[in-house]
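**Student:** Attaching a single structure in structure tokens format; questions to follow.
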Amino acid sequence: MKPAQAISDVTVRRISSDAENEEFSDVLAVEEPLEIRLGLADRTHKAISITMRTPGDDGELAAGFLFTEGIIKSPEQVKQIRHCGLKIGKGSGVIDRTSALNSNTIRVDLAEGVEIDLKRLERNFYTSSSCGVCGKSSIEALQAGASPLESNLTVSQDLVNSLPDILRSSQKVFDRTGGLHASALFDANGTLDIVREDVGRHNALDKVIGAKFMTGEMPLSNNILLVSGRVSFELVQKALMAGIPIIAAVGAPSSLAVELAKEFGMTLIGFVRDNRFNIYCGQERVVQ
């Protein structure tokens, strides 16, 4: 993500009881709406979702969202991704901010002959506690589209403890704004594979998954996911659809997140900080 796409300059006045008030220039994380539209085989378009996101990597975000919602299943189903007339293409996601400034609509055109289950698009969306949209009102609703994960991936305690520092050193936009979530994928050796930032934690994860989806790397059964904040049901659901067996978080999980992870055989780790962490389920994948 280019910093110019993700930050905005602003003048603020600092008020302090022990120093003279002063004005200075600050930078903020940009937050703008993005409408995701689906281009169907009959050349009609269908609005799928509107999400508040940090501009940049919009192609990955759209692809990741459609995949984790079960609407598309392979990159071959995608003909092209266009951002208000600008062709992004498979796996790119980087757009010219100036050219796209007046457009916050992205369209994912399906390949010829691809049919999707339109009933999945007619479900009721609701705003979840993670500030995203999620159409699954219960774990039972997921069972039709997902299976318990089978992965032999194991990690050491030391590896888990090392992940937050690696992620933190890779959060370039957070360094300047202090206002973005991040999701990162690591391999079995703890090597950083990909990281994305966004004002929405669900968007950051969709960008990561979308990037891997469009390059045909699913399922991510040999990867570890680290998120910078807490873990909601929605994040576990997205990781499940991507086949990620281990989720670690700097913050706490919700009760439903733990229930979902346990139901589908995932490892969920929380409060990874200060060389300690809590394992909520799937402890067999963490070894000394």
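The values are calculated or read from the model by the stated rules, or taken from the named source; none is laboratory data. Owing to the predicted nature of the structure, the values given are computational and were not obtained by experimental measurement. Positions of Cβ are generated from backbone atoms using ideal geometry, with glycine treated the same way; all protein chains shown enter the neighbour counts.
**Student:** Can you list the strands (runs of 3 or more DSSP E) lying wholly within the range 189-258 that have 3 or more residues being under 20 Å from residue 152 (Cα atoms)?
**Tutor:** The strands (runs of 3 or more DSSP E) meeting that bar are 224-227, 246-249.
Conditions tested, residue by residue: (1) at pLDDT 75 or above; (2) surrounded by 12 or more Cβ atoms within 10 Å (Cβ to Cβ); (3) not assigned by TED's automatic domain parsing to the domain that holds residue 235.
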position	(1), (2), (3)
4	no, yes, yes
21	yes, no, yes
25	no, no, yes
36	yes, yes, yes
62	yes, yes, yes
68	yes, yes, yes
79	yes, yes, yes
86	no, yes, yes
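**Student:** In the range 259-282, what count of residues is obtained for those that are outside any strand (DSSP E or B), touching a residue at least 60 places away in the same chain (Cβ under 8 Å) and surrounded by 19 or more Cβ atoms within 10 Å (Cβ to Cβ)?
**Tutor:** 3
**Student:** If you don't mind, there's one more thing I want to ask. Is it the case that residue 225 is buried (at least 24 other Cβ atoms within 10 Å of the Cβ) and modelled with pLDDT under 95? Please lay out each step first, then the result.
**Tutor:** Details: buried (at least 24 other Cβ atoms within 10 Å of the Cβ): yes; modelled with pLDDT under 95: no.
So residue 225 does not fit the description; no.
**Student:** Name the single residue, out of those in the range 190-222 being buried (at least 19 other Cβ atoms within 10 Å of the Cβ) and without any contact (Cβ under 8 Å) to a residue 60 or more places away in the chain, that is farthest from the chain's Cα centre (by Cα).
**Tutor:** Once the filter is applied, the top-ranked residue is 220.
**Student:** Only one of (1) touching a residue at least 24 places away in the same chain (Cβ under 8 Å); (2) outside the structural domain of residue 112 (by TED's automatic domain parsing) is not met by residue 41, so which one is it?
**Tutor:** Failing condition for residue 41: (2).
**Student:** May I ask you to say which residue of 183, 162, 151 is polar (S, T, N, Q), touching a residue at least 24 places away in the same chain (Cβ under 8 Å) and part of a loop (DSSP other than H, G, I, E, B)?
**Tutor:** Numbers: 183 fails: part of a loop (DSSP other than H, G, I, E, B); 162 fails: part of a loop (DSSP other than H, G, I, E, B).
When all the criteria are applied, what remains is 151.
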